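Here is the structure we will look at.
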Amino acid sequence: MDKRPAVVDVASWLLWLHIAAGAVVSVLVVVFRDRIAAVWSPEPGADSQVQPIDFVPVIVVLYVVVAATALFLIPLFRHGHNWARHSLAGVAAGVAITAVATARTGPPDLIRYSVVAAATLGAVTLVFLWHQDARRFCLPGSWRRHPADVAAHD
C-alpha cells in the first residue's frame with residue numbers, strides 16, 4: 001500500500017489546530033462575556049424591555065457541534081473518503097466566513113485577532129483539502145489500494 005500524501009497529513013494537522021483554536025476562542029468568549037455583550041447586544045432604552053443577549057451558551061454549543069463533527073470526519077478523510085474531505089472543507093469554509101463576519105462586528109481586540117487568525121487558518125486548510133494530491137487520494141479507484149482489497153480480488 002502506498003503512503004498517504006503529505007498534504008493529507010498537513011490538512012489533518014490544520015484541522016486539529018482548528019479544533020484547538022476553537023476551544024481557545026470559546027474560552028475567550030466566556031472570559032470577555034461582558035465586553036462582548038456591550039458590543040453585540042442592542043442598547044436598551046429607558047422604557048425598553050430588551051434584555052442583553054448571553055452569547056456564551058450559543059458559542060459553547062456551536063463549538064461542541066463543529067468540533068465533534070470535525071473529530072468524526074478527520075479519520076474518515078485520512079482513510080480516503082472523499083465525502084469527508086468535502087464536509088471538512090465546508091467546516092473550514094464556514095469557520096473562515098464566520099470569522100470574517102465576526103471581525104467586522106467590532107469585538108474586543110483579542111477576539112478580533114483570534115478570528116482573523118481563524119479566517120487565515122481556514123483559508124490555508126482549504127488549500128490543503130482541495131490540493132490535487134488530496135483529491136486524488138480520496139477519489140475511488142485512485143492510486144492507493146488496501147492490501148485486503150488486493151487479496152480479495154486475486
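The values are calculated or read from the model by the stated rules, or taken from the named source; none is laboratory data. None of these values were measured; they are calculated from a predicted model. When we count neighbours, we look across all protein chains shown, and the Cβ atoms used for this are built from the backbone with ideal geometry, even at glycine.
In table form, for the structure just shown:
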quantity	calculated
Any hit, region 61-79, residues being farther than 18 Å from Leu14 by Cβ and not in a helix (DSSP H, G or I)	no
Pick from region 44-60, criterion of a type outside the set (Phe, Trp, Tyr) and within 16 Å of Leu28 (Cβ to Cβ), ranking: modelled with the lowest pLDDT	Asp54
Where Ala123 falls short, out of the listed (1) hydrophobic (A, V, I, L, M, F, W, C); (2) under 26 Å from Ala23 (Cβ atoms); (3) at pLDDT below 85	(3)
Set Thr98, Thr105: member being in a helix (DSSP H, G or I) and of a type in the set (Ser, Thr, Tyr)	Thr98
Candidates Leu71, Leu88, Leu110, filtered to the one that is out of contact with any Ser or Thr (no Cβ under 9 Å at 6 or more places or on another chain), surrounded by 12 or more Cβ atoms within 10 Å (Cβ to Cβ), of a type outside the set (Ser, Thr, Tyr) and modelled with pLDDT of 95 or more	Leu71
Subset of region 18-34 (residues that are touching a residue at least 60 places away in the same chain (Cβ under 8 Å) and out of contact with any Ser or Thr (no Cβ under 8 Å at 6 or more places or on another chain))	Gly22, Val29, Phe32
